[in-house]
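Participant: Let me give you the structure first, and then I'll get to my questions.
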Amino acid sequence: MSAYGAQVFLKGTAFDVINAFAPSYVMDIITVASGSKTYDIPPGTAIQAQPYTLTFFEGGNLPSITISGRTVSWSGNAGNNGYIIIVWSS
C-alpha cells in the first residue's frame, strides 16, 4: 500500500502497520455437511481452509478438509457439531 501513498504507523514507532500484513481474500463460508468446490483465486495466492467453532464449547468432531490445487473437499460438517469452514486465499 505504501506504493500508493498509504502508510499507518504505531504511535512512537516506525512500524508500518498496513504493509505488515499479507493480503488475504475470503472466498467462502461453508455450512453444508459435505461436498467439494473449485475456486478462482487471485494470481500468486494459495487456497486454504479451516474449521471454526460457532460456540464456546467445541462439540462434536472436527470436519475433514482436503485441498488439491484450487479445489476444497470436506465431510463431517453436519448436525450440531458447531463448526463452519472458512475458505480463503493468501
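Participant: Sort out which residues of the range 1-16 are surrounded by 10 or more Cβ atoms within 10 Å (Cβ to Cβ) and either of a type in the set (S, T, N, Q) or at pLDDT 75 or above (or both), and write them in order of number.
Facilitator: Restricting attention to the range 1-16, the residues satisfying the condition of being surrounded by 10 or more Cβ atoms within 10 Å (Cβ to Cβ) are 1-2, 6-10, 15-16.
Correct list: Ser2, Gln7, Val8, Phe9, Leu10, Phe15, Asp16.
Matching residues to (1) surrounded by fewer than 15 Cβ atoms within 10 Å (Cβ to Cβ); (2) modelled with pLDDT under 90; (3) among the charged types (D, E, K, R):
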site: Gly44; (1), (2), (3): yes, yes, no
site: Ala49; (1), (2), (3): no, no, no
site: Thr55; (1), (2), (3): yes, yes, no
site: Glu58; (1), (2), (3): yes, yes, yes
site: Leu62; (1), (2), (3): yes, yes, no
site: Gly82; (1), (2), (3): no, yes, no
site: Val87; (1), (2), (3): no, no, no
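The values are calculated or read from the model by the stated rules, or taken from the named source; none is laboratory data. What you are looking at is a predicted structure, and each value in this text was computed from that prediction instead of being measured. Cβ sites come from the backbone with ideal geometry, for glycine too, and all protein chains shown count toward neighbours.
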